[in-house]
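The values are calculated or read from the model by the stated rules, or taken from the named source; none is laboratory data. It should be emphasised that the depicted structure is a prediction, and the values quoted were computed from it without experimental measurement. Cβ: placed from backbone, ideal geometry, glycine included. Neighbour counts: every protein chain shown.
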Amino acid sequence: MHEKHLFEYEYAVIRIVPRVEREEFLNVGVILYCRQKRFLHSLVELNEERLQCFAPATELNLVKEYLSAFTQICAGHPTGGPIAKGDAAARFRWLTANRSTILQTSRVHPGMTADPAATLERLLEELVK
């Protein structure tokens, strides 16, 4: 009989917060980190029409630029700048740190999974789409 191994993971929801002072947000992605599997990935799905209805004054190109930088840092891509050079744990902690900007994350949530990639897809479906 095959035994399924479960691994601890942490995730946070990626949010667009057009007017920080109002604390209203739109979920646009998920970032998931699993130390044991050396897994750090994010998935982003920006519904531009929904964002424009939610916050019509939001600069869409700026949001796309911020989301691109976020995913580059998460992936450790050289275009992500100096933060992208850190190890996966450091990048995850930096990306999920509290901040008062248009791009924020929820607090970090823990979980257990046998397949971090499938869990990331499921979380995107449940929390963003």
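Numbers below:
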{"read-out": "Which listed residue is of a type in the set (A, V, I, L, M, F, W, C) and either touching a His at 6+ places or on another chain (Cβ under 9 Å) or without any contact (Cβ under 8 Å) to a residue 60 or more places away in the chain (or both), from V28, V13, V20", "value": "V13"}
{"read-out": "The lone exception for I73 - which of (1) in contact with a Lys or Arg (Cβ under 8 Å, 6 or more places away or on another chain); (2) surrounded by fewer than 17 Cβ atoms within 10 Å (Cβ to Cβ); (3) under 28 Å from A114 (Cβ atoms) it fails", "value": "(2)"}
{"read-out": "Meets criteria (among the hydroxyl-bearing types (S, T, Y) and either within 14 Å of the chain's Cα centre (by Cα) or surrounded by 14 or more Cβ atoms within 10 Å (Cβ to Cβ) (or both)) for T79", "value": "no"}
{"read-out": "Members of the stretch 6-55 that are assigned to a loop (DSSP other than H, G, I, E, B), loosely packed, with under 14 Cβ neighbours inside 10 Å, modelled with pLDDT under 95 and not hydrophobic (A, V, I, L, M, F, W, C)", "value": "R19, E23, E24"}
{"read-out": "Residue, modelled with the lowest pLDDT, within the stretch 88-129, restricted to residues that are among the basic types (K, R) and surrounded by fewer than 15 Cβ atoms within 10 Å (Cβ to Cβ)", "value": "R99"}
{"read-out": "Answer residue from the stretch 94-111, given it is within 19 Å of G81 (Cα to Cα) and in a loop (DSSP other than H, G, I, E, B) and is nearest to the chain's Cα centre (by Cα) among those", "value": "T96"}
